[in-house]
Amino acid sequence: MKIYAEESFGPVTSIIRVGSVEEAVSVANESEFGLSAAVFGTDHNRAMRVARQIESGLCHINGPTVHDEAQVPFGGVKSSGYGRFGSSAGIDEFTEIRWITVQDGPMHYPI
């Protein structure tokens, strides 16, 4: 089913019948994309366990997948992009940590 296999940004959904939570996680993780996911359920602990198994950049429990906040790192995994933007994670993505020292005074070690 092409609509399921492609990354869609429209107001559409695909519904696939599965026999268990394990199968649902497996089907979700078969996708080459992993930008955003959602898990719905009345047992929040169970929903959290499922959300942790889904390979996505972000996962919402009992909420829509369209939710972007500036203070939260946003980005996908797999073919849905590289890295994160937003929050300090965005700064980390676009910078390289370096350590530069300056010896001002007598050297500690002979050269």
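A few notes on this one:
- Yes/no for Val66 being of a type in the set (Val, Ile, Thr) and modelled with pLDDT of 85 or more: no
- In the stretch 46-61, residue surrounded by the fewest Cβ atoms within 10 Å (Cβ to Cβ) [restricted to those that are under 8 Å from the mean Cα position of the chain (by Cα) and in a loop (DSSP other than H, G, I, E, B)]: Glu55
- Contact map, the stretch 17-32: first residue exposed (fewer than 14 other Cβ atoms within 10 Å of the Cβ), second residue of a type in the set (D, E, K, R), Cβ cut-off under 7 Å, separation 6 or more or different chains; pairs are Glu32/Lys78.
- Members of the stretch 33-45 found to be surrounded by 13 or more Cβ atoms within 10 Å (Cβ to Cβ) and either among the β-branched types (Val, Ile, Thr) or closer than 11 Å to Ile61 by Cβ (or both), listed by number: Ala37, Ala38, Val39, Gly41
- Matching residues, the stretch 1-41, being part of a helix (DSSP H, G or I) and at pLDDT 75 or above: Val21, Glu22, Glu23, Ala24, Val25, Ser26, Val27, Ala28, Asn29, Glu30
The values are calculated or read from the model by the stated rules, or taken from the named source; none is laboratory data. Nothing here was measured: the structure is a model prediction, and the numbers come from that model. Cβ sites come from the backbone with ideal geometry, for glycine too, and all protein chains shown count toward neighbours.
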